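The values are calculated or read from the model by the stated rules, or taken from the named source; none is laboratory data. Predicted model, so just to flag it, every value in this text is computed and none were measured. Here Cβ is always computed from backbone atoms with ideal geometry, including for glycine, and neighbour counts include all displayed protein chains. Accessible surface is based on the protein model in full, side chains and every heavy atom, while ligands, DNA and RNA are left aside. Shrake-Rupley method; radii C 1.70, N 1.55, O 1.52, S 1.80 Å.
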Amino acid sequence: MARPLTPIERDLVVFILGPSSASYGHFDLVEDMNDGGMGSLRFVGSEDRRLGKCIGEAEFDDADGVPVSVALNVDQYGQLFELDFWKVDFSPLKQIAALEEFRRPASDAQDPG
């Protein structure tokens, strides 16, 4: 069943998208995915959509200290498709961290040289 993004979910999407978040326009409605309680969300859209590619990632530590990896995926049309959470021990997500606790994955780090 579709529901609006919570404020912290919206913060996470905007954090991942960065300056390009405005180009994705209105991305309010999502559906919870059946992922064992890890918290993944699918953005509401047409039925013929399928996974396209990952456009950004973030990380944070869950309330129990277990690292959580988050991927923001678009569909084959370039529209937001899913916010995919993966908790490294496969346990259910307790809560999304506060905005100031989000971090970029080490693989996203810029090479200074």
Test set (1) loosely packed, with under 15 Cβ neighbours inside 10 Å; (2) among the hydrophobic types (A, V, I, L, M, F, W, C); (3) closer than 19 Å to Tyr77 by Cβ - Ile8 fails condition number: (3)
The listed residue being touching a residue at least 12 places away in the same chain (Cβ under 8 Å) and small (Gly, Ala, Ser), out of Ala106, Ala2, Ala22: Ala2
Residue pairs meeting the criteria (Cβ under 7 Å; at least 6 apart or on separate chains; first among the aromatic types (Phe, Trp, Tyr), in segment 51-77; second at pLDDT 95 or above): Phe60/Val68; Phe60/Ala97; Phe60/Glu101; Phe60/Phe102; Phe60/Arg103
Yes/no for Gly18 being open to solvent by less than 50 Å² (accessible area, probe 1.4 Å) and assigned to a helix (DSSP H, G or I): yes
